[in-house]
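**Student:** This is the structure I want to talk about, given as structure tokens.
The values are calculated or read from the model by the stated rules, or taken from the named source; none is laboratory data. Small disclaimer: the values here were computed from a predicted structure and weren't measured. Reconstructed Cβ throughout: ideal geometry from the backbone, glycine too, with neighbour counts over all protein chains shown.
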Amino acid sequence: MWSDWKEQIEHRPKVRHSLLWEYDLSCFDWQYMRALVVERVVERGWDEDYYALFSLYGGIEGVRQIIRNEVLLLSDKDIAFVCAAFNLKKEELKCYTRKQSRQALMNS
């Protein structure tokens with residue numbers, strides 16, 4: 001899907017400001033807010049936004065780890081997408097197990 005990402009990051013891609021419209025990006029902490037950035041790109045991003053993620057967060061594997069361990073909220077559609085795109089199982093995702101726990105709590 002993004003097999004050419006290393007070539008693309010040579011062009012210094014940036015995450016579109018419209019994805020993070022409510023933040024002042026001149027003093028934005030990209031490392032501290034990485035889960036939010038990845039979540040927004042998964043929800044609404046274009047290819048260029050994904051290339052920026054790969055550049056910022058250690059390639060496809062780095063983004064995969066953030067999706068797996070740090071992103072707390074994704075829709076079912078976005079969970080299905082990241083599982084297919086990043087070769088993950090939904091049971092590996094913190095957002096999925098958290099959602100399942102919340103549903104079990106609501107049903108008890």
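**Student:** Quick check: anything in the stretch 37-47 out of contact with any Leu (no Cβ under 9 Å at 6 or more places or on another chain), without any contact (Cβ under 8 Å) to a residue 40 or more places away in the chain and of a type in the set (D, E, K, R)?
**Tutor:** No, every residue in the stretch 37-47 fails to be out of contact with any Leu (no Cβ under 9 Å at 6 or more places or on another chain), without any contact (Cβ under 8 Å) to a residue 40 or more places away in the chain and of a type in the set (D, E, K, R).
**Student:** So, one more: Applying the selection to the stretch 58-89, what residues are in contact (Cβ under 8 Å) with a residue 12 or more places away in the chain, in a helix (DSSP H, G or I) and either buried (at least 16 other Cβ atoms within 10 Å of the Cβ) or acidic (Asp, Glu) (or both)?
**Tutor:** Ile60, Val63, Arg64, Ile66, Ile67, Arg68, Asp78, Ile79, Val82, Ala85
**Student:** Assuming Ser55 fulfils every condition listed in (1) part of a helix (DSSP H, G or I); (2) at pLDDT 95 or above; (3) of a type outside the set (Phe, Trp, Tyr); (4) surrounded by 15 or more Cβ atoms within 10 Å (Cβ to Cβ) apart from one, which condition is it?
**Tutor:** (2)
**Student:** So, in the stretch 34-52, exactly how many residues are surrounded by fewer than 14 Cβ atoms within 10 Å (Cβ to Cβ) and more than 11 Å from the chain's Cα centre (by Cα)?
**Tutor:** Number satisfying all stated conditions: 2.
**Student:** Examine the stretch 2-11 for a residue that is of a type in the set (Lys, Arg), at pLDDT 95 or above and not in a loop (DSSP other than H, G, I, E, B), and state whether such a residue exists.
**Tutor:** no
**Student:** Which members of the stretch 90-108 meet the condition of being loosely packed, with under 10 Cβ neighbours inside 10 Å and at pLDDT 70 or above?
**Tutor:** Glu91
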